[in-house]
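Undergrad: Take this structure first; my questions come after.
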Amino acid sequence: MKTKFKFSTFLFILLLTYFISLIYSTNVFADSLDKKNNLNNKHILILNSYERGITWSDDVINGIVHSLKNSNLNIDIKIEYMDIQSFSTCNDSYLHTLYDLYNCKYSNQKIDLIIPIDDSAFNFLLKYNKDLFNNTPIVFCGVNYFKDSMLKNQPMFTGIVQTMEIKDTLDLALSIHPNKKNILIFYDNSITGLAMKKYINELIPQYNNSLNFIFINDLNILNNKTSLNKFNDNSIALLLSGFTTNNKNNIFLKKDNFLSLNNFNIPFYTVWDSFINNGIVGGKMLSGYTQGMNVATIGLKILHGENPKNIPINKNCQSKYTFDYNKLKKFNISLPSLPYNKIIINLPPKSYKIPRLLLWLFIIICISMSSFLIINISEKRRATAELIENAERLRTLINASPDLICLKDTNGKFLEINEAGIHFFNLTNIKWKSKTSKELSQIEGSHKNRLLNYESSDKIVWEKNSIIKYEQEFSNINEDNIFHTIIKVPLFHSTGTPKNLVIIGHDITYHIRSEKSKKLLNEMVEYENLRTDFFANISHELRTPLNVILSALQYIEFMFKTDNNYKNNAILKKYSDIMKQNSYRLVRILNNLIDITKLDSGYFKLDPNNYNIVEIIEEICLSVAPYIESKNLSFLFDTEIEEKIIACDADLIERIMFNLLSNSIKFTNSGGQVTVNIYDKIDTIQICVKDTGIGIPKDKLSLIFERFVQVDKSLSRKREGSGIGLSLVKSLTELHGGQIQLKSEVGKGSEFIISLPVKTLPNKEIKIYSELVNQECNTEKMNIEFSDIYS
Ligand code: ADP
């Protein structure tokens, strides 16, 4: 605002200067043109009755010169000072001398206009204009004693008749000082002075002898400060004319011999404005300067071609009521007691007295207002800074949000889009501000659908005038579709008219995808449960007829042992053995299936006890050794330690060992070797089942513990099996908190290493395996576990 003001002021000043210079240059141009056109310069002669330095006539000359110089004529001014007063005693001879002088000076000079000042010069020209100046136009001023008859046969004369307002001034003084009775009339013995005295004498009767007129023509009296003391209280003074003392000294007339009236306590009045600064209170005064300007105006008319005969004599009074403010104050004269139309000089610059209390009140109000303003401004600044900081924070937060956030105006033009939004709409290098989705989609083609889809519901928000929320799917080039939850919030002005639209987009793709996966998983779990249930049921169902078959076979076996009719029936025996072995195989398969189903469903329970694991392994090895050797394989058992008590389920350790040994026998050709080693690894106990069999290819090593995995899956494979055994071994080992490893090389053999943690069950006794195991039962178990092995 401040800058604006300064600028406009500056502009105004500039324009003003320009116009002033334009006007000035136009004037100067016109002036110079006029002057050039005026080939003949104008010559003016000012004929002053007095000598140089007389205030009154100097004022007149100044007025004339000022007016003439400001005219558009090229004027040459000459001034002649007649100094009549100095030669008043030899009047005629002096005038003749002047005549001769001017004749000599001006007979060959062209004079276009003569301005005589005062009566003497006027009279001189009345007499000699024709002879001296060849009837040059005359414009006179300062003429007191004028009669129209004077200008008879003088057509070249015109001018201003001067009237001194002595009566008006006297009346003015009396109205201001109604109680003063002495009227001191100061005059000199000049023609004017005496004429004035005469004039006043004629006035006296009008005042009914109520006043005491005292005429003083010895102006020397004014040089003595105390001379007027006797008149003080009851007197006013009128300073009329002449001002030549009896000693022929001029007082007042010249600037350098002005006599100050300030020391007298009598109020002085006069009719001449030249004395106003000299201790005069006031009066109805003639202004020499004004008269000079007026006479010059008439003169210019003549110089421009007007005939003086056609210009009437100005006889109007040019006097004006004039006062000195300092003297008014000195004599306690109030301004309202003065005439309405007046000039007051020395007026003090206008000042207003403000009551002290009001001033203090004003200062206090100013201080409090400025402090209030300062506080207000600093408060406003602080608030603005805080606002900016908050806006920055908000912007940072909005930009950091993974959700898309936009702000639109009611025309759908974007005002704000956060980083996530810019990324989603691919607007990184695009000027998106104040553009609609449609406009942007024309610039940014690849995400056109995103922009337009997002915009599609804007209309609905403004129609409903409420928040809307919905899910939207967006296609994604070469990738799965993206899903957003879109929330649109309309904002309103306090008047209720729509203002902005806030749009928030939350990416729910992951949520939707995981929902789908979860559904799939649940379906799979349900299917798996069904399958497990099926296996559990079918296994149990199969086991019942199998047990019947096995019981029947047991009876047949018994018959073979006891009945001689059977003993020699080798074929029957052979088929009976086949039936038994395959029944065991079925039992084994069913056992494994039931265990796996139990493991899967979490129902498989470990029944641990503290055992000497070395004893368990050794006992198992002892029981299978004859069988292994019957398969034409050598068998070796070796152990680092004799005893290691660990918590384990002996039945499950049996299952693990029978499985591993069964595989070793099955996959080792006759003549090979099967070795069982026990190593003490302090924290763990390692049981290694090693063979010199066919080995397992490298690519199968990591898969071999998976369910139903077999190296040779062909129907023509040499070895039977279901591919469940190793997976069960692994699960049972892990149930003990142990691990299983496999080292194998095709053609060289395989080694399965079982590591079991050395942990015991506190407060539980150590069980002896050999005391618990039933040899017959163990043989039965072995038969089942080894049922895949054909002789
Ligand atoms: P299977 O009932 O088929 O023996 P397993 O789970 O016990 O099922 O064994 C899976 C497969 O691992 C076998 O089919 C066999 O190919 C391979 N395998 C297991 N043990 C050995 C071994 N000692 N030597 C060679 N191959 C073996």
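The values are calculated or read from the model by the stated rules, or taken from the named source; none is laboratory data. This one's a predicted model, so the numbers in the text were calculated from it and none came from an experiment. Virtual Cβ from ideal backbone geometry, glycine too; neighbours counted across all protein chains shown. These area figures cover heavy atoms from the full protein model, side chains too; ligands, DNA and RNA do not enter into them. Shrake-Rupley method; radii C 1.70, N 1.55, O 1.52, S 1.80 Å.
Undergrad: Six or more apart or on different chains, Cβ atoms under 9 Å: show the pairs whose first residue is in region 499-526 and among the hydrophobic types (A, V, I, L, M, F, W, C) and whose second is open to solvent by 100 Å² or more (accessible area, probe 1.4 Å).
TA: Close Cβ pairs satisfying both conditions: Ile508/Glu471; Ile512/Glu471.
Undergrad: Can I ask one more? For region 299-358, name all the residues that are without any contact (Cβ under 8 Å) to a residue 40 or more places away in the chain and open to solvent by less than 40 Å² (accessible area, probe 1.4 Å).
TA: Ile344
Undergrad: Scan Asp712, Asp691 and give me the residue that is under 20 Å from Glu629 (Cβ atoms), within 8 Å of the ligand (Cβ to nearest atom) and acidic (Asp, Glu).
TA: Answer to the selection: Asp691.
Undergrad: Let me ask you something else. Would you please name the residue that is surrounded by the most Cβ atoms within 10 Å (Cβ to Cβ), looking only at residues in region 45-102 that are hydroxyl-bearing (Ser, Thr, Tyr) and in a loop (DSSP other than H, G, I, E, B)?
TA: So, considering only residues that are hydroxyl-bearing (Ser, Thr, Tyr) and in a loop (DSSP other than H, G, I, E, B), the one surrounded by the most Cβ atoms within 10 Å (Cβ to Cβ) is Tyr50.
Undergrad: Just to be sure I understand, how many residues within region 307-324 are part of a helix (DSSP H, G or I) and among the charged types (D, E, K, R)?
TA: 1
Undergrad: Evaluate the following for Val624: is it away from the ligand (no atom under 13 Å from the Cβ), at pLDDT below 95 and touching a helix residue (DSSP H, G or I) at 6+ places or on another chain (Cβ under 9 Å)?
TA: Criteria met by Val624.
Undergrad: Another question, then. Among the residues of region 195-231 satisfying the criterion of being assigned to a loop (DSSP other than H, G, I, E, B) and open to solvent by 30 Å² or more (accessible area, probe 1.4 Å), which is farthest from Val143 (Cα to Cα)?
TA: Thr226
Undergrad: Tell me which residues, restricted to region 417-438, are more than 22 Å from Ile477 (Cα to Cα) and surrounded by fewer than 16 Cβ atoms within 10 Å (Cβ to Cβ).
TA: Lys431, Lys433, Ser434, listed by residue number.
Undergrad: If you go through region 659-675, how many residues are near the ligand (Cβ under 7 Å from one of its atoms), small (Gly, Ala, Ser) and open to solvent by 20 Å² or more (accessible area, probe 1.4 Å)?
TA: Residues flagged as near the ligand (Cβ under 7 Å from one of its atoms), small (Gly, Ala, Ser) and open to solvent by 20 Å² or more (accessible area, probe 1.4 Å) within region 659-675 amount to 0.
Undergrad: Same structure, new question: Which ones in region 538-596 are basic (Lys, Arg) and open to solvent by 30 Å² or more (accessible area, probe 1.4 Å)?
TA: Arg543, Lys561, Lys567, Lys573, Lys574, Lys580, Arg585, listed by residue number.
Undergrad: To continue, here is another question. In region 501-515, is there at least one residue being in a helix (DSSP H, G or I), closer than 17 Å to Phe424 by Cβ and aromatic (Phe, Trp, Tyr)?
TA: yes
Each row is one residue, and each column tells you yes or no for (1) open to solvent by 60 Å² or more (accessible area, probe 1.4 Å); (2) touching a Pro at 6+ places or on another chain (Cβ under 8 Å).
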{"position": "Ser731", "(1), (2)": "no, no"}
{"position": "His736", "(1), (2)": "no, yes"}
{"position": "Ile740", "(1), (2)": "no, no"}
{"position": "Val746", "(1), (2)": "yes, yes"}
{"position": "Ser770", "(1), (2)": "no, no"}
{"position": "Val773", "(1), (2)": "no, no"}
{"position": "Glu776", "(1), (2)": "yes, no"}
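Undergrad: Any idea which of (1) away from the ligand (no atom under 11 Å from the Cβ); (2) among the acidic types (Asp, Glu); (3) in contact with a Leu (Cβ under 8 Å, 6 or more places away or on another chain) is the one Asp680 doesn't satisfy?
TA: Here Asp680 clears every test but (3).
Undergrad: Please go through (1) within 8 Å of the ligand (Cβ to nearest atom); (2) modelled with pLDDT under 95; (3) in a loop (DSSP other than H, G, I, E, B); (4) not aliphatic (A, V, I, L, M) for Lys700 and return the number of the only condition it doesn't satisfy.
TA: Only one criterion in (1) within 8 Å of the ligand (Cβ to nearest atom); (2) modelled with pLDDT under 95; (3) in a loop (DSSP other than H, G, I, E, B); (4) not aliphatic (A, V, I, L, M) is unmet by Lys700, namely (3).
Undergrad: In region 181-228, which residues are hydroxyl-bearing (Ser, Thr, Tyr) and at pLDDT 90 or above?
TA: none
Undergrad: Additional query: Among what's in region 716-747 and is on the phi < 0 side of the Ramachandran plot and more than 13 Å from the ligand (Cβ to nearest atom), pick the residue that is farthest from the chain's Cα centre (by Cα).
TA: Selected residue: Ser716.
Yes or no, residue by residue, for (1) part of a loop (DSSP other than H, G, I, E, B); (2) modelled with pLDDT of 95 or more; (3) within 16 Å of the ligand (Cβ to nearest atom); (4) more than 21 Å from Glu780 (Cα to Cα):
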{"position": "Lys561", "(1), (2), (3), (4)": "no, no, no, no"}
{"position": "Tyr566", "(1), (2), (3), (4)": "no, no, no, yes"}
{"position": "Asn582", "(1), (2), (3), (4)": "no, no, yes, no"}
{"position": "Ile589", "(1), (2), (3), (4)": "no, no, yes, no"}
{"position": "Phe604", "(1), (2), (3), (4)": "yes, no, no, yes"}
{"position": "Glu615", "(1), (2), (3), (4)": "no, yes, no, no"}
{"position": "Ile620", "(1), (2), (3), (4)": "no, no, no, no"}
{"position": "Glu629", "(1), (2), (3), (4)": "no, no, no, no"}
{"position": "Arg655", "(1), (2), (3), (4)": "no, no, yes, no"}
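Undergrad: Among what's in region 748-765 and is open to solvent by 90 Å² or more (accessible area, probe 1.4 Å) and touching a residue at least 12 places away in the same chain (Cβ under 8 Å), pick the residue that is farthest from the ligand (Cβ to nearest atom).
TA: Only one residue fits best here, namely Glu765.
Undergrad: Filter region 175-194 for residues that are open to solvent by 60 Å² or more (accessible area, probe 1.4 Å) and touching a residue at least 60 places away in the same chain (Cβ under 8 Å); which is nearest to Leu239 (Cα to Cα)?
TA: Once the filter is applied, the top-ranked residue is Ile191.
Undergrad: Shifting gears a bit: Among the hydroxyl-bearing types (Ser, Thr, Tyr) and open to solvent by 20 Å² or more (accessible area, probe 1.4 Å), is that true of Thr163?
TA: yes
Undergrad: Go through (1) at pLDDT below 90; (2) of a type in the set (Lys, Arg); (3) in contact with a Phe, Trp or Tyr (Cβ under 8 Å, 6 or more places away or on another chain) and name the single condition Lys284 misses.
TA: Condition (1) is where Lys284 drops out.
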